[in-house]
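J.: The structure is given below, and queries will be raised subsequently.
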Amino acid sequence: MPQIDLLVSNKLGLHARAAGKLTKTAGQFTSDIFITKEARRVNAKSIMGVMMLAAGKGTTVTIEAEGDDAQEALQEIKALFDDKFGEEA
Amino acid sequence: MAKERMTPAEQSPKPSCTTAVVIAVMAHAPLASALKEVAEHVFGESVDITAIDVLPGACAADSTGALVTRLSGLDRGAGVLLLTDLPGASPANICATSASALLNKTIGCTVITGVNVSMLLRVLNYRHQSLDELAQQAIEGGRQTIARLT
């Protein structure tokens, strides 16, 4: 399954609104997408699952995607993390 | 990589119902509208839910008719999920009598008590599921975030 490690670099981490953006982005793809922090792996399309990872700034998470649009999904999600979820200029 | 087993409820929110269930929150003022505001903050856009704040003194006998009329007008054929706060309190009593009245009009209605932020977010996340599935999501979502943090 294609996967990518991403650093949570925005000040507030994967807080509620960032989790909302991640699940919204993931939900645009048909692929199954998962996010893992340490030993906890959850569906990246589930907002409560993502939020309960409690991934703060400086955390590295792994995103996995499986399906026809997996690579595109990983690119979009990477762009979201790189953009700090649109929270910091 | 270590993997944690997901419950069925945590699987992808794939639509199982083409017509969306009407979601309404009815709670002691200002909780319903506050919950809607939180959901809009989290999702960064307006959310399609009906928030009804119940003011002190409201009772089922006086309020049910207006609520049933309102929800009947919103129903798209998939039914109504009513989320309320305290079992036995006026908002929940109004929901219960309204649900009975809606069922008499052959509109499916399920009332879930104990509404909180995680319940609402979970339901919105899976909002294209059927009424029965959404009711289960609401219960699981509401319980999911109750934990001892420290």
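A short reminder: the numbers here are calculations on the coordinates, not readings from a lab. Note that the structure is a prediction, hence the values are computed from the model and not measured. Here Cβ is always computed from backbone atoms with ideal geometry, including for glycine, and neighbour counts include all displayed protein chains.
J.: In peptide B:118-126, what is the residue-averaged number of other protein chain Cβ atoms found within 10 Å of each Cβ?
T.: Mean number of neighbouring Cβ atoms from other chains: 4.
J.: Let me ask another. What number, in percent, do you get for the relative contact order of chain B if the mean sequence gap of Cα pairs under 8 Å and at least 6 apart is divided by its residue count?
T.: Reported as a whole number, the value is 28 percent.
J.: May I ask you to compute the full-extension gain from A:Met1 to A:Ala54, defined as 0.36 nm times their residue separation minus their alpha-carbon distance, rounded to one decimal in nm?
T.: 16.7 nm
J.: Give the residue from A:Gly20, B:Gln136, A:Asn43 lying farthest towards the positive end of the charge dipole for the protein assembly as shown; charges sit on Cβ (+1 for Lys and Arg, -1 for Asp and Glu) and the dipole is referred to the Cα centre.
T.: After comparing all options, I get B:Gln136.
J.: Follow-up. Counting pairs of alpha carbon atoms under 8 Å apart in space and at least six apart in sequence, what relative contact order in percent does the range B:59-145 give?
T.: Once normalised by length, the contact order is 29 percent.
J.: Per the helix-only calculation at 222 nm, which mean residue ellipticity applies to chain B, given -39500 (n - 2.57) for every DSSP H run of n ≥ 4 and division by its residues, nearest 500 deg cm²/dmol?
T.: Per the formula, -14000 deg cm²/dmol.
J.: Here's something else I'd like to know. Pairing the Cα long axis of helix B:90-104 with the longest principal axis of chain B, what angle in degrees results, from 0 to 90 and rounded to the nearest 10?
T.: Helix B:90-104 sits at roughly 80 degrees to that axis.
J.: Leaving out same-chain residues fewer than 8 places away, which lysines sit with a Cα under 27 Å from that of A:Lys45?
T.: Partners found: A:Lys11, A:Lys21, A:Lys24, A:Lys37, A:Lys57, A:Lys78, A:Lys84, B:Lys3, B:Lys14, B:Lys36.
J.: Provide the per-residue ³J(HN,Hα) series for the range B:72-81, in order, calculated from phi with Karplus coefficients 6.51, -1.76, 1.60 and θ = phi - 60°, each as a whole number of Hz, with x at glycine and proline positions.
T.: 4, x, 8, 4, 9, x, 9, x, 10, 9
J.: Relative contact order of chain A, please, whole-number percent, based on alpha carbon pairs below 8 angstrom and at least 6 residues apart.
T.: For chain A, the relative contact order is 43 percent.
J.: Using 1/(1 + (r/R0)^6) with R0 = 30 angstrom and r between the beta carbons of A:Gln71 and A:Leu12, what's the FRET efficiency to the nearest 0.05?
T.: The computed FRET efficiency comes out at 0.60.
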